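*Asks:* One structure, as structure tokens, below. Some questions next.
The values are calculated or read from the model by the stated rules, or taken from the named source; none is laboratory data. The model shown is predicted, which means the values in this text are computed figures rather than measured ones. All accessible areas refer to the heavy atoms of the entire protein, side chains included, with ligands and DNA or RNA removed. Shrake-Rupley method; radii C 1.70, N 1.55, O 1.52, S 1.80 Å.
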Amino acid sequence: MTIAERHKHILDELAKSGFVSVSDLAKSLQVTVVTIRKDLKILEDKGLLYRSHGSATSVSPYVSDRSVQVKKLEQVEEKSRIAQKALEFLEPKDAIIIGSGTTVGAFAQAIPRNYPLTVLTSAMNVAMALIDTTEIELVQLGGVVRKSSSSAVGHFAEEMLKSFACSKLFLSVDGISLDHGLTTSNMMEAHLNAQMIRSVQKTIVLVDSRKFGRKGFGKIGELEDVDVIITDSGIPEIFKEKLEEKGIEVVVV
């Protein structure tokens, strides 16, 4: 196979899934990993892809901080389906944590008004979605208000969180990367989310498929910290396979 044929194959695979693995490409093309890395560098220099450790994506893997007011207008149908599916993981009398973000915000809005729960959250949009419920005990974390995410972060929120133990965490993230794990665009939010994971028995990540292969500035944790990922049908198949290999339950809606 010529270099041009290899490059066409790589770009075709990227067009199909938005992500390619160096090791998988080496196997399918029957060349060395070093050869594939050189190919990816050439294609990146031409502006045709973005390289990362052991992989490449068709879009930039790095995410920036954006307001929830902007993000709530994106992927609305997908977030609604994810939220409805997440309801199946609730049990009466659960004590749960709901993180910040527009996908978990949609989940909070979908919870039946008379469902018996205790909900701990750092997010104001989540708290407001549940403020008029009759059977839900609502615990709001306090601290420095991060306006772009409408949530509390920092020392006070983290210290308050240490006083609670919950069964499940419903978490949104800005990026899920096979080599960098779970990330968000703000390091203080990432630190709080990491502590949320340590406070629960099961972590359920609600995320639309555009977040796969992306990275935010603040690292929350490793993929091994996750029990379940609920996402939409746009998830690249290779991501689904790799996540399931790690023992993560991937639910596609």
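*Asks:* May I ask you to rank H9, H155, H53 by accessible area, largest first, using a 1.4 Å probe over the protein chains only? Can you show the working numbers first?
*Replies:* Values: H9 55, H155 115, H53 150 Å².
The most accessible residue leads, giving H53, H155, H9.
*Asks:* Another one. May I ask for the equivalent-ellipsoid semi-axes of the stretch 111-178, computed as the square root of five times each C-alpha gyration tensor eigenvalue and listed largest first in whole Å?
*Replies:* Working: eigenvalues 86, 47, 37 Å².
Whole-Å semi-axes of the equivalent ellipsoid: 21, 15, 14.
*Asks:* If you average 1/r over every pair of different alpha-carbon atoms in the stretch 3-57 and take one over that average, what Kirkwood value in Å do you get?
*Replies:* Averaging 1/r across every pair of different Cα atoms and inverting gives 10.7 Å.
*Asks:* Also, quick follow-up: How would the stretch 72-162 be classified by its alpha-carbon gyration tensor: rounded, prolate or oblate, with rounded meaning a/c under 1.5 and the a/b versus b/c comparison settling the rest?
*Replies:* Cα axes put the stretch 72-162 in the oblate bin.
*Asks:* If each DSSP helix of 4+ residues adds -39,500 (n - 2.57) and the sum is divided by the residues in the chain, what number results at 222 nm, nearest 500 deg cm²/dmol?
*Replies:* Computed mean residue ellipticity for the chain: -11000 deg cm²/dmol.
*Asks:* Could you give the radius of gyration (one decimal) and Dmax (whole number) of the Cα atoms in the stretch 157-245, in Å?
*Replies:* 12.8, 40
*Asks:* Whole number please: convex hull volume per residue of the Cα set in the stretch 68-252, in Å³?
*Replies:* 98
*Asks:* Another one. List the lysines whose Cα sits under 18 Å from the Cα of K41, skipping any in the same chain fewer than 8 residues away.
*Replies:* Counting by Cα, and skipping residues close in sequence, K41 has these lysines nearby: K8.
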